[in-house]
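Worksheet: one structure, shown below.
The values are calculated or read from the model by the stated rules, or taken from the named source; none is laboratory data. What you are looking at is a predicted structure, and each value in this text was computed from that prediction instead of being measured. For neighbour counting, all protein chains shown are included, and Cβ atoms are generated from backbone atoms with ideal geometry for every residue, glycine included. To get the accessible areas, we keep the full protein, side chains included, count just its heavy atoms, and leave off ligands, DNA and RNA. Shrake-Rupley method; radii C 1.70, N 1.55, O 1.52, S 1.80 Å.
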Amino acid sequence: MVWDVEIGKQVSMIILMGVLILIFINYKKIEKVNLFFFAGFVIFSLLDFFCYFYYKYIKMPTDTFYVIGSSVVFFLYLFYYYQIFDSRRLKKIQTVIIVIFLVNVFCMLYFEDKFWGRFSFNMLYVNLLLLTFSIILFLYQTFNSDKIFEIKNYLPFWISVSSLIYYIGIIPIFYFRTKVSPDLYFFILFLLNLINNGVLVFGLFWNKPDKFRQI
């Protein structure tokens, strides 16, 4: 497979910029309950932009930025699901998930050498599994509620679908990153980003908050 990694990264940056513009254009349709997710999404997007140009022009590792940024983003995502759970039981489970996340970060900080200078894939795998479990719990809640009848217009559902596809997809490709060619590795990442952003844009387009449905 012939894949120009640099062009792929540039196209991904352009697509991501377009998605950010759409988010800001449609900010009135984004209810407050979804702000934690979009705060994380914007932070992670800006982190990608910054690290891309930082490495391109300064030629220094960006691991420290990703360690800090990804920790903040995953916390925002996990807290987002805590906010949108309806039942007390699911909120308690999500509280436990958030505690596990924080314990994992502090344990990695204490036990792993060069925590700030080297991106930890072990910590990433744990974070991905915690987020995936949170999404599954949310989908369970959604499919057992009246929201199922207005699923097309329910933004948290599309956020969860896009995130589930993306994060389940990157677990194996990250795990086997040293066993596949760089071209295939970055091509799969490009496709996952494309699908993730496409589903999110679809959700933004169809989203109808309660105040708009009543008009």
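If I take every Cα pair under 8 Å that is 6 or more residues apart in the chain, average their sequence separation and divide by the length, what percent do I get for the relative contact order?
28
Is the range 15-121 rounded, prolate or oblate when judged by the Cα gyration tensor, a ≥ b ≥ c being the square roots of its eigenvalues, rounded requiring a/c under 1.5 and prolate requiring a/b larger than b/c?
Oblate is the answer for the range 15-121, as a/c is 1.5 or above yet b/c matches or exceeds a/b.
Let me know the shape class of the range 1-58, please: from the alpha-carbon gyration tensor, a ≥ b ≥ c as square roots of the eigenvalues, rounded when a/c is under 1.5, otherwise prolate if a/b is greater than b/c, or oblate.
Prolate is the answer for the range 1-58, as a/c is 1.5 or above and a/b outweighs b/c.
Do the alpha carbons of any pairs in 28/56; 29/92; 92/152; 32/92; 91/179; 92/208 sit beyond 31 Å of each other, and which pairs?
28/56; 91/179
So what's the gap between the Cα centers of the range 108-172 and the range 25-77, to the nearest angstrom?
15
Can you return the aspartates and glutamates within cross-link range of residue 147? Criterion is Cα-Cα under 14 Å, with same-chain partners fewer than 8 residues away left out.
By straight Cα distance, residue 147 reaches 86, 210.
Express in nm, to one decimal, how much length is gained between residue 102 and residue 147 on full extension, taking 0.36 nm for each residue of separation and deducting their alpha carbon distance.
So the chain would gain 13.1 nm between residue 102 and residue 147.
Counting only protein heavy atoms and using a 1.4 Å probe, what share of the accessible area of the range 93-135 belongs to carbon plus sulfur, as a whole percent?
76
Between residue 39 and residue 4, what's the calculated FRET efficiency when r is the beta-carbon distance and R0 is 41 Å? Round to 0.05.
Approximately 0.80, to the nearest 0.05.
Suppose all protein chains stay in the model; what accessible area per residue would a 1.4 Å probe give for the chain, in Å²?
Here the per-residue accessible area is 57 Å².
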